[in-house]
Amino acid sequence: MAGIKTFEGTLTGAEGEFAIVVSRFNGFITDSLLNGALDTLHRHGIDDGRISIVRVPGAFEIGPVVQRLCQSGRYAAVIALGAVIRGATPHFDYVAGECARACGSAAMQTGVPVAFGVLTTDTIEQALERAGTKAGNKGADAALTAIEMVNLMRALP
Ligand code: INI
């Protein structure tokens, strides 16, 4: 392995501002995702002065706002948080699919890391499990990913 260069983002010391885009639909779940994301950012040394929160109606609206924030050049990373639950909607696939596609597209177009903390589950129970109960908190995971990606992008040639 001698001579091989390996690049990996650290989880400390991320510079710059972080934006969180969070949808109000299924707010009892997205509030927990937001709390998890904020807790992780704080515990990694990112204070409130470097965090912006943007609230949107539903997951379908997350993508255009993420794109706008990425294009602004102001943010080191954007964290998308939402909850799309299949049982609650016949257009699950459209809402979830478009949200994921648009977030990925914004990251690809701008080079700004976008962390995808949008739950897509079959049931409310599965969403609750991923919002701070037995399967962790995907908002916290997304914040950690954002920190790592900021540092990785900075480290890459
Ligand atoms: N938005 C969500 O974030 N989650 C859902 O589960 C959901 N359901 O069930 O329909 C949902 N719909 C609203 C959608 O995101 C848009 O806000 C709406 O279609 C207006 O554009």
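A short reminder: the numbers here are calculations on the coordinates, not readings from a lab. The shown structure was predicted, so the numbers you read here are calculated from the model rather than taken from an experiment. Glycine also receives a Cβ, built like all others from the backbone with ideal geometry; neighbour counts cover every protein chain displayed.
Distance between the modelled labels on ARG68 and LYS5, one decimal in nanometres: 3.8 nm (7 Å Cα→Cβ projection). Viscosity 1.567 mPa s, temperature 4 °C: give me the Stokes-Einstein translational D for the chain in µm²/s, with Rh taken as the Kirkwood radius over C-alpha pairs. Answer, rounded: 83 µm²/s. Give me the percent of Cα-Cα pairs in the range 40-86 that sit more than 15 Å apart, rounded to a whole number. So the pairs more than 15 Å apart make up 51 percent of the total in the range 40-86.
Kirkwood hydrodynamic radius, computed over distinct alpha-carbon pairs, for the range 1-79: how many Å, to one decimal? For the range 1-79, the Kirkwood estimate is 14.1 Å.
Fully extending the segment from SER52 to ALA155 would add 34.6 nm, taking 0.36 nm per residue of separation and subtracting the current Cα-Cα distance.
Entry note: the range 57-142 has Rg to Rh equal to 1.00, where both radii use alpha-carbon atoms and Rh is the Kirkwood radius. Residues in the range 74-86 carry Karplus couplings, in order, of 8, 9, 6, 7, 10, 10, 9, 10, x, 9, 10, 10, 4 Hz; the curve used is 6.51 cos²θ - 1.76 cosθ + 1.60 with θ = phi - 60°, and Gly or Pro positions show x. Fully extending the segment from GLU17 to HIS42, taken as 0.36 nm per residue of separation minus the present Cα-Cα distance, adds 7.8 nm.
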